[in-house]
Amino acid sequence: MIIHVSDLHKSFGDNEVLKGIDCDVEAKEVVCVIGPSGSGKSTFLRCLNMLEDITSGDVVIDGQSLTARETDINAVRTEIGMVFQQFNLFPHMSVIDNISLAPRKVRGLSDAAVRDRALKLLDKVGLREKADSYPNQLSGGQQQRVAIARALAMEPKMLLFDEPTSALDPELVGEVLAVMKQLALEGMTMVVVTHEMGFASEVGDRVLFMDDGIIVEEGTPDRIFKNPQSARTEEFLNKVL
Amino acid sequence: MSRLTQFNWLGVVDYLPALALGLYYTLLVSVIGLIIGFVLGAVFGLGRLSHKKIIYGLSTAYVELLRGTPVLVQAIWVYFALPLIVGFNIPSLVAGILVIGLNSGAYIAEIVRGAVQSVEKGQSEAGRSLGLSQHLTMRYVIWPQAFKRMIPPLGNQFIISIKDTSLLSVILVPELIFQGRLVASNHFNAVEIYTTVAVFYLVVTLTLSKVLSVVEKRLTH
C-alpha cells in the first residue's frame, strides 16, 4: 500500500477532530472521502502531508512514517501533490512560473527542462495558451486546472484533492472533474475529499464516509450509495442525493 | 500682502548653497539610515514571526524599546551618553545615521510582520505542499507578495524618518534645519529661510510619494 494510516488522532486544543482513523490506500487507487461538513474529512486529508501536525497515531507514505524523527517532510511532500479548494495559485507569478517554481527550486532542473515539462502539463489540462497569463486573468475552473498541473509538476506518486470543485461556479465544475477523471484513468493514486457524489460513484474505486471524526463505513461506490449499512450514511446520502 | 512683500525673498538665492549643503546631509542621513532601517526591519520583523522564543523576545524588545522612546531622546543618548559607555566619541553624522536606522527599523519591523501575516495561509500551504522548505516558501511565495503590500506603509515611514532627521540638528548633524538656523541667525531673515527650508522638505517628500506610487503600480499586474 502507498498510504497507511493507523489510529490517527488530531485535536485542535480540546477539540478532537479525528478520533482514530485507520485506512490504507493502494497504488493507483482512487479513494473518495465524503461526509457532512465538520466531519473531519479535510483535516484527515491535510494530515496525509502534514499540513496539520499529527496528534497521535501515524501516517506512512510509501514506507516513510511522517511522525518519525528522521523523516524529511519536504522530501515526502514532493511525492504528494495537493489541490486546494481555493486553488492557492501564486498570484504574483505567471501560470508557467507557478508550475515551474518547485521543479526548479526543489529538484534543481534546468530552465529548459522545466519549461518543457510545464508546457506538457498545460497541454494535459488544456491550457497551453494560458502559459503567460496571470492567475487573476483566469476563470476559477482554469485556475484549478493550473493548480492540478502545478501539483503534477513534481511528478508525485499520489494526489490529494481537498474539495477541488467546491469554490467553483456550477458551470465550471465539469472541466475540473474531467481532468481528474483523466488522471484516474492514467492510474494516478488519488484521495479526493468531495461533495460531487456523481464523481465519487463514477470514478472512485472506494468511498469512505466520515462523520464526527471517524470513518463510519467504507466500500465500493455501488455499495455505499445503493446499500449503505449505517443509518448515518443513509441520512447523509438522503440529504445530498 | 504688504506684510509678505516686505521680506526679501529674492535674497534667499544667496543662501541657497548653504541650504543645498544641508539638503545633501538630510538626504545622506535619510538614505543610509533608511537602508539600515529596512535591513533591521526585515530581520526583526521576521524575528517577530519566529516560533523560537529567544528570537521572538529579542525582536520584540528591540521594537518596543525603539518605538517607545522619542527620536530626540535616542539621538541625544547615542551622541552624548553612549560615548561615555563605550569610551570613544561618535561623530554626529554617524550617530545621526545610526539613530534614523535604529528608529525606522523598529517601525519597519512591524510593517514587515504585518505584511507577511496578511498573505493568506493557503499560499504558504501551497508552497509547502509542493515540497518547498519554509525558507524557499518565504523567499519565492510569501515575501514577494508581502513586499508589495509593504510599499504604502513603507512610504509613510520613509517620509516620517526624513522629517525626523530635522531633530538631528540638536546633535550637530549639518542637515537642512541646522544650516537654515545658521543662516537665519546671522542674517535676520528667519521668514525667508525657514519657509525655504519647509519647501525643501516638501519637495523631497512629494518626490518620494510619487516614486513610490510608480513602484507600486509597476508591481501590480
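The values are calculated or read from the model by the stated rules, or taken from the named source; none is laboratory data. What you see is a predicted model; the values in this text were computed from it and never measured. Virtual Cβ from ideal backbone geometry, glycine too; neighbours counted across all protein chains shown.
Scan segment B:170-182 and give yes if some residue there is within 14 Å of another protein chain (Cβ to nearest Cβ) and part of a helix (DSSP H, G or I), otherwise no. Before the answer, list the steps.
Step one: of segment B:170-182, the residues within 14 Å of another protein chain (Cβ to nearest Cβ) are none.
Checked against the condition, which is being within 14 Å of another protein chain (Cβ to nearest Cβ) and part of a helix (DSSP H, G or I), segment B:170-182 yields no hits at all.
Would you be able to tell me the number of residues in segment A:1-12 that are surrounded by fewer than 16 Cβ atoms within 10 Å (Cβ to Cβ) and either in a strand (DSSP E or B) or modelled with pLDDT of 95 or more (or both)?
Applying the first criterion (surrounded by fewer than 16 Cβ atoms within 10 Å (Cβ to Cβ)) to segment A:1-12 yields A:1, A:6-7, A:11-12.
Next, only the ones that are either in a strand (DSSP E or B) or modelled with pLDDT of 95 or more (or both) stay: A:6-7, A:11-12.
Of the residues in that region, 4 qualify.
Cβ-Cβ distance below 7 Å, separation of 6 or more or different chains: which pairs start in segment A:100-111 with a residue that is assigned to a loop (DSSP other than H, G, I, E, B) and end on one that is surrounded by fewer than 23 Cβ atoms within 10 Å (Cβ to Cβ) and of a type outside the set (A, V, I, L, M)?
From segment A:100-111, the pairs are A:V106/A:T78.
Yes/no matrix, rows are residues, columns are (1) among the β-branched types (V, I, T); (2) surrounded by 17 or more Cβ atoms within 10 Å (Cβ to Cβ); (3) in contact with a Pro (Cβ under 7 Å, 6 or more places away or on another chain):
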{"residue": "A:H92", "(1), (2), (3)": "no, yes, yes"}
{"residue": "A:S100", "(1), (2), (3)": "no, yes, no"}
{"residue": "A:L109", "(1), (2), (3)": "no, yes, yes"}
{"residue": "A:D116", "(1), (2), (3)": "no, no, no"}
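Residue by residue, here is whether (1) away from chain A (no Cβ under 14 Å); (2) part of a helix (DSSP H, G or I); (3) surrounded by fewer than 19 Cβ atoms within 10 Å (Cβ to Cβ); (4) over 17 Å from the mean Cα position of the chain (by Cα) holds:
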| site | (1), (2), (3), (4) |
| --- | --- |
| B:V73 | yes, yes, yes, no |
| B:I76 | yes, yes, yes, yes |
| B:G96 | yes, yes, no, no |
| B:G101 | yes, yes, no, no |
| B:Q117 | yes, yes, yes, yes |
| B:S124 | no, yes, no, yes |
| B:T137 | no, yes, no, yes |
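When residues of segment A:62-90 are filtered for being in contact with a Pro (Cβ under 6 Å, 6 or more places away or on another chain) and of a type outside the set (D, E, K, R), how many remain?
The initial filter retains those residues of segment A:62-90 that are in contact with a Pro (Cβ under 6 Å, 6 or more places away or on another chain), namely A:79-81, A:83, A:89.
Now drop any that are not of a type outside the set (D, E, K, R), which leaves A:80-81, A:83, A:89.
Total satisfying the criteria: 4.
Taking B:G155, is it touching a Ser or Thr at 6+ places or on another chain (Cβ under 8 Å) and in a helix (DSSP H, G or I)?
Working: touching a Ser or Thr at 6+ places or on another chain (Cβ under 8 Å): yes; in a helix (DSSP H, G or I): yes.
Yes: the conditions hold for B:G155.
Among the numbered conditions (1) within 19 Å of the chain's Cα centre (by Cα); (2) in contact (Cβ under 8 Å) with a residue 60 or more places away in the chain; (3) in a helix (DSSP H, G or I), tell me where B:L206 comes up short.
Result: B:L206 fails condition (2) only.
Pairs only if they're at least six apart or on different chains, beta carbon under 7 angstrom, first in segment A:155-170 and of a type in the set (G, A, S), second not in a loop (DSSP other than H, G, I, E, B); list them, first residue then second.
Here the result reads A:A167/A:G140, each pair linking segment A:155-170 to a residue that is not in a loop (DSSP other than H, G, I, E, B).
Go over the candidates A:V176, A:V207, A:V240, A:V191 one by one and state the one that is hydrophobic (A, V, I, L, M, F, W, C), on the phi < 0 side of the Ramachandran plot and in contact with an Asp or Glu (Cβ under 7 Å, 6 or more places away or on another chain). It would help to see each step written out before you state the result.
Details: A:V176 fails: in contact with an Asp or Glu (Cβ under 7 Å, 6 or more places away or on another chain); A:V240 fails: in contact with an Asp or Glu (Cβ under 7 Å, 6 or more places away or on another chain); A:V191 fails: in contact with an Asp or Glu (Cβ under 7 Å, 6 or more places away or on another chain).
Checking each option against the conditions leaves just A:V207.
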